[in-house]
Amino acid sequence: MRFKNLFSLKHLLAIGLLLFMALLFLAVTYVASAVEETAGLSEKAIYQVVEQTKITRLVLQKVADIERKAKLFVLLADPSLRQPYEREAYENARAQLKQALDELLKAESDNKIVLLANELSEKEKLIYEQIVGSGTHDDIHLPVDDAFQGLHETATALWEEVSSRIDRKVEDLREHVKSVERRLLFRGAALVLVLLVFVVGLWAMLRGSIRQLDESIRRLGAGDFAKPIRVAGPSDLQYLGDRLEWLRSRLLTLEESKQRFVRNFSEEFRMPLEGVTDSTAALVAAAGEQDPRQRDIVAQLGENVEKLKSLFQELLNYTEVNETPSERSKETVNMKALVESIVEAYRDRLRAKSLILKELVQPVEFHGAADQLRTIVDQLVSNAVKFSPEGGEIRIILRLLGEVMELEVEDEGPGIDPEEGQRLFEPFFRGKAARAAETEGSGLGLAIVSECVANHQGKIEIIEPREDERGARVRIELPLARALQ
């Protein structure tokens, strides 16, 4: 971890670029060296092949030349018929053959070629001694054709061996090229592996830091300010973590101040409200002794007090929902059973308005705050029942989509004005449909739902109704616990 802290993201990217350039330089240098080595070997092999071929051909030519001159020397066996230059020509041909064989022996270290060259030299020398050592035609008993046949066979064997030697050199050169290719591939793979290890390590480091940042931002968005924020990794990402920690501390202070204010306000407001309630109850009890106009005023006062109590209670509920549930207050909830129990509680109201309920509810296990999950479903079903016309239809969908639980409630009521969209989730805001229908409500219902959804790091939205429909359609998406890890 300390090693990671030494570098910023900028430094790591610079190191990665330098490493890539260094590896590329090494790769190019090695390739150039390998190409130069192969070219040198190829040039040397080609030179040797050309020299050996030229010398061997010269040996074969000199063997044929010696044969012609030796046969002419034998044909003119009578010394009186021979010219002085004939023996000189024969001697010159032998000297050239010897010189060619010497050059071949210097250029070649192969034992078999050396033996064949020496054998060729010895056979030619034997023929020369027998031919030149004969004084007259009558003294020559050498079968010339048979002697030179053996010389030709040795020369041919020498040529074949040299050709085979050349083939072996070519094959060795081909193997060397393949070996260079294998080394290039191996070292190239090693360089790529080094670069890949660096990239994967950098990616893993950044992924861990980004995951920590994402988790911290999600917690702040859900109002969870209890856990300190720590981000490991490059120094600039650590700096972002420190800024988020400062923001968390600031939000925590503001949240504690707000909660403290609400608690103090509720305590201060509760006693006068209870006094007004008791006084109103006493007035209602004594209303029988008053005239009808006074009784109406007292009744109206009683209704307003009850509305005030209801509003006060919902305000307290909204404040409590703002307190993010801790992990200890969360549990695994059978959402299908929860939805079915809430629907069952609304059966009488559904029958009273002849409403048709269609459910597409899949078995879903969700880890969360059970009371807040119940509040979400209950409020959405309550709104759907409240705004649905007589004989209308309500559709409830509960399903899993990957790592997200989706809850959707749709009715056939007056719908929601697109301009009011997100404002419906603001506290005390009541839309045009609610005002037109003159339905009772504090305007805190969807605000409470929105806070419950945020506490579970989810999303709530008003979506377009289905084709040929105009009612309200609310969709909630809550990520599963394992998706947040």
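Quick notes on this structure:
- Net charge contributed by nearby residues that have their C-beta within less than 12 Å of ARG243 (K/R +1, D/E -1): -1
- Per-residue Cβ neighbour counts within 10 Å put ASP167, ASP348 in the sequence ASP348, ASP167, beginning with the fewest.
- Hz values of 3J(HN,Hα) by residue in region 93-102 - Karplus curve (6.51, -1.76, 1.60), Gly and Pro given as x: 4, 5, 5, 5, 5, 4, 5, 5, 5, 4
- Those lysines that a straight Cα-Cα span of less than 21 Å connects to LYS330, excepting residues fewer than 8 apart in one chain: LYS227, LYS459
- Its alpha carbons considered, region 327-484 gives a radius of gyration followed by a Dmax of 15.1, 46 Å.
Taken together, the values in this text are just the output of simple stated rules run on the coordinates, not laboratory data. A quick note: this is a predicted structure, and the numbers were derived from the prediction, not measured. Here Cβ is always computed from backbone atoms with ideal geometry, including for glycine, and neighbour counts include all displayed protein chains.
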